Amino acid sequence: MTTVTASPSLPRRLWRHFCLMLGNQPALSLYLQPLLRAVWPGFMPGQFRGQLAEKSWQTADMVKLTLRVSRRWPGFIPGQHVLLTLEHNGKNLPRPFSICSPLSLWHSQRQIELCCKVQHNGAVTPLLAQLTAGSRVNISAAQGAFSWQQPARPALFVAAGSGITPIASMLLSQRHWLTPVSLYYRVRGKEQAALLAPLQQLAAQQPLFSLQLSDSRFEHSDAFTRQVCTEGQNKQLYLCGPQALMQQLNAALVQSGVAKHNIFQEQFGPALLAQSTDSISGQYQVALQSSTSQQVFSAQANQSLLQSAEQQGLNPRFGCRIGVCFQCVCDKISGQVRDIRSGALSGHGSEQIQLCISQPVTDLVLKQ
């Protein structure tokens, strides 16, 4: 004889999900988000509003945004970055950008500056380039540990490409110069050197600061590396730029005898997961990051990410479980998902998704 177990009634299931939701959210604003967004369009819990005050081009493909930020924003340490979120076509599109302005601008005018390299095939940066004065965006609290550790010690800063942004903030914020400091700025032609004017002005006014441009068209990377290794002895070193160049410099400096604890390097973006998809079983590997840890679990292609995570003992934030309340929204850093309701595929880059209505299509890196 087969025993049939009756499924819980709809009211009982709704009550259970409601009770789970009440015990699973860290802030009241997460429960009230749909109502708050109706009153304040673009509201995001844990984020701060920013309004574009001015836009200018630093180079042909790098735009500088001057944002007037909410008084609630707690400020920053020079060298830190923020997550800027732009709402477009009903989606929240977050991207990290380092603050490039001095502390004095924030203290005196409640403004910060971001330099954004425009990727013409990108999903976000072309939209940033189209913003007009008065446009509103959301930004996170300042993040990151890349900062000037001991200004009383001699230091050598090395920047390339967009890596100049946090370093410029550190140098332009410094008010009490006690020891010699140098900046080696690796560029491909002077016209590609963002933030060059204020740094040249600083070098002209501050005798303890020197600025040296290295043009990659004429100075080979090996010669540049040797020069950094020679000048970096017995100094603090701060490196920020393209990953390949930074890794090359880091390895060469350690090999030349520079102590690792004297090398400070900004890292942009998480390491990609090794492709571990089991095409037969339809499983994908998912790294779920938080501010304090990272948990890796296997996700089934035929069920939601929320279900897969819960089946393996994880407890991600959630609410209605049907894609209505937006409580399970997280940042997809890399990988691709499918919307269970419509079958639509996401992009491969960074964007926001809902765990309860998203199925994996590739390995994923998520942050909640």
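Considering each residue of segment 205-232, count those that are of a type outside the set (S, T, N, Q), open to solvent by less than 90 Å² (accessible area, probe 1.4 Å) and in a helix (DSSP H, G or I), and give that number.
First, the residues of segment 205-232 that are of a type outside the set (S, T, N, Q): 207-209, 211, 213, 215, 217-220, 222-224, 226, 228-229, 231-232.
Next, only the ones that are open to solvent by less than 90 Å² (accessible area, probe 1.4 Å) stay: 208-209, 211, 213, 215, 219, 222-224, 228-229, 231-232.
Retained after the next criterion (residues that are in a helix (DSSP H, G or I)): 222-224, 228-229, 231.
Count: 6.
Yes/no matrix, rows are residues, columns are (1) over 19 Å from residue 60 (Cβ atoms); (2) under 24 Å from the mean Cα position of the chain (by Cα):
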site	(1), (2)
164	no, yes
168	no, yes
174	yes, no
189	no, no
192	no, yes
195	no, yes
202	yes, no
209	yes, no
216	no, no
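Can you find a residue that is surrounded by fewer than 17 Cβ atoms within 10 Å (Cβ to Cβ) and either in contact with a helix residue (DSSP H, G or I) (Cβ under 6 Å, 6 or more places away or on another chain) or without any contact (Cβ under 8 Å) to a residue 40 or more places away in the chain (or both) anywhere in segment 314-323?
Yes, segment 314-323 contains at least one residue that is surrounded by fewer than 17 Cβ atoms within 10 Å (Cβ to Cβ) and either in contact with a helix residue (DSSP H, G or I) (Cβ under 6 Å, 6 or more places away or on another chain) or without any contact (Cβ under 8 Å) to a residue 40 or more places away in the chain (or both).
Taking segment 80-121 as the search range and keeping residues that are small (Gly, Ala, Ser) and modelled with pLDDT under 95, which one is surrounded by the fewest Cβ atoms within 10 Å (Cβ to Cβ)?
90
So is residue 72 closer than 27 Å to residue 145 by Cα, modelled with pLDDT of 90 or more and open to solvent by 20 Å² or more (accessible area, probe 1.4 Å) or not?
Spelling it out, residue 72 is indeed closer than 27 Å to residue 145 by Cα, modelled with pLDDT of 90 or more and open to solvent by 20 Å² or more (accessible area, probe 1.4 Å).
Considering every residue within segment 173-192, establish whether at least one is in contact with a strand residue (DSSP E or B) (Cβ under 7 Å, 6 or more places away or on another chain), open to solvent by less than 10 Å² (accessible area, probe 1.4 Å) and assigned to a loop (DSSP other than H, G, I, E, B).
Yes, segment 173-192 has at least one match.
Just checking, how many residues over segment 295-306 are touching a Leu at 6+ places or on another chain (Cβ under 7 Å) and either assigned to a strand (DSSP E or B) or open to solvent by 20 Å² or more (accessible area, probe 1.4 Å) (or both)?
Result for segment 295-306: 3.
The values are calculated or read from the model by the stated rules, or taken from the named source; none is laboratory data. Note that the coordinates shown come from a computational prediction; the quantities given were computed from them, not determined experimentally. Note that each Cβ is placed from the backbone with ideal geometry, even for glycine, and that neighbours are counted across all protein chains shown. Only protein heavy atoms, including side chains, enter the accessible area calculation; ligands, DNA and RNA are left aside. Shrake-Rupley method; radii C 1.70, N 1.55, O 1.52, S 1.80 Å.
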